[in-house]
1. Going highest first, how would you order 201-207, 58-64 by mean Cβ packing within 10 Å?
2. I'd like the trypsin sites (Lys or Arg not before Pro) in region 109-149 restricted to DSSP loop residues with at most 11 other Cβ atoms within 10 Å, sorted by number.
3. Take the solvent-accessible surface of the protein heavy atoms, probe 1.4 Å, and return the percent of it on region 57-184 that carbon and sulfur atoms account for.
4. With a probe of 1.4 Å, find how much accessible area region 32-75 has per residue, and write the answer as a whole number in Å².
Amino acid sequence: MRKRIGLILGIMMGLILTATAQDYKYEAGGGLGIGFYMGDANQSALFHKPGAAFAALLRRTINYRWAIKFDLATAHIKGDTRDFDTRFPGGDFNFSRQLIDLGAQAEFNFFHYGIGYLYLGTKRFSPYLLLGIGFTWVPKKDDGYFNVNIPLGFGLKYKVAPRWNIGLEFSVRKTLGDKLDGWRLSDPVGIDSSAFKNTDWYSLTMFSVTYDFGRKRAICNNDM
């Protein structure tokens with residue numbers, strides 16, 4: 001009798017897990033946070049003069065470990081050389097600019113990120129790393145900027161419900177140019193820049209909420 005009850009309970013638990021463990025191809029949502037700049041007007045101070053940042057994102061889930069994220073973000077960055085001991089031949093400089101960031105990143109989860117399918121070792125949370133490529137645009141008349149950037153960073157995902165996720169992410173963007181902070185701070189000491197030399201950086205720290213959609217096909221025990 002006990003074996004039968006145990007078998008029935010096991011079947012019921014299996015049905016419950018199968019019902020809740022539905023995998024989806026995509027996540028879509030938004031994020032908010034702060035951004036800051038590092039370059040000629042701030043060569044070492046993290047989170048100096050932060051500005052508001054907002055983002056829309058779409059994530060394509062490949063499997064429990066890998067995903068591709070596409071995002072469109074905007075952030076306010078600013079800097080002032082008077083905040084530091086650095087002095088340039090042309091005097092003190094400051095700037096304030098709104099940038100737009102469009103990019104794609106590959107994400108690697110440290111754990112099998114998901115809910116249900118316990119036999120696959122899925123977990124509701126996972127740290128992850130990201131690396132990708134993007135574009136930075138400052139739409140400013142006579143002093144605009146457009147260039148490629150290389151984003152890299154890390155974050156933490158948590159699945160609060162079968163189709164809802166929250167995340168916290170820190171990333172830096174290395175731009176392949178030296179005019180993110182304006183033409184007045186482009187090579188202020190007369191040293192020519194190149195794609196990987198004397199270039200500007202900016203960082204985004206974002207809290208995000210996403211919703212899963214686009215159900216995958218049912219998986220078998222040998223997947224993953």
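The values are calculated or read from the model by the stated rules, or taken from the named source; none is laboratory data. Keep in mind it's a predicted model, so treat the numbers as computed, not measured. Positions of Cβ are generated from backbone atoms using ideal geometry, with glycine treated the same way; all protein chains shown enter the neighbour counts. In case anyone asks, the SASA skips ligands and DNA or RNA and just uses the protein heavy atoms, side chains included. Shrake-Rupley method; radii C 1.70, N 1.55, O 1.52, S 1.80 Å.
1. Descending packing order for the listed peptides: 201-207, 58-64.
2. Here the sparse-neighbourhood loop sites are LYS141.
3. That share works out to 66 percent.
4. Numbers: 2040 Å² over 44 residues.
Each residue of region 32-75 exposes 46 Å² on average to a 1.4 Å probe.
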